[in-house]
1. In nm, to one decimal, how far is the modelled label at Val74 from the one at Cys140, with both set 7 Å along Cα→Cβ?
2. How far is helix 5-32 tilted off the main Cα axis of the chain, in degrees rounded to 10, range 0 to 90?
3. Which value in nm describes the separation of the simple spin-label points at Val147 and Arg85, placed 7 Å from the Cα toward the beta carbon?
4. Give me the angle, in degrees from 0 to 90, between the Cα long axis of helix 65-84 and the longest principal axis of the Cα atoms of the chain, rounded to the nearest 10.
5. Against the longest alpha carbon principal axis of the chain, how many degrees, from 0 to 90 and to the nearest 10, is the axis of helix 91-114 turned?
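Since every read-out is calculated from the coordinates, none of them should be taken as a lab result. Predicted model only: the values in this text are computed from it and were never measured. Every residue, glycine among them, receives a Cβ derived from its backbone with ideal geometry; neighbour counts consider all protein chains shown.
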Amino acid sequence: MKFPKKQLIGPIVFALLVVILDQITKALVVRHIPFGAQVPVIPGLVHLTYVRNAGAAFSMLSGMRWLFLALVAVFFVTVVLMVKRGLVDRPTQLWCLAAIGGGAVGNAIDRAISGTVVDMIEVEFVRFAVFNVADSFITCGAIVLIVFLFFFDRKEPRHDPEG
């Protein structure tokens, strides 16, 4: 099933809203929290810590700015081709890819401008990387997409007319 252009508008707008929300939260953190400082949000659960990351999660591949920007470009070309060819054929898939894409663009903007990504959300109850709004949408979009594909995307098996 190919999506009519009209059905693509919602996910595209959603992806743009993800980018806007991500960039606004990063701008607020940069403006109001000193680098490295912590601001409690929910004591014992989460606080804001302004840090910059030159890599991916846990600073993996640090300094590989152009690799990350190239991967975002490859992601979008792949998604567009998959949608055009009907390989993305369920609304859930499309919305998950929009969440991932919006997050990817949010982080790509940071990388393109400064070579680093602004991170600020830090959970206190488990040792985990500091992350941002874009990372949240990328992660949640990917998890929902994987769960959907493995557990809910049941297509009718093909029947071999000769077998």
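1. Roughly 2.8 nm, to one decimal.
2. Once rounded, one gets 10 degrees.
3. Placing both labels 7 Å beyond Cα along the Cβ direction yields 2.9 nm.
4. 30
5. Compared with the principal axis, the helix lies near 40 degrees.
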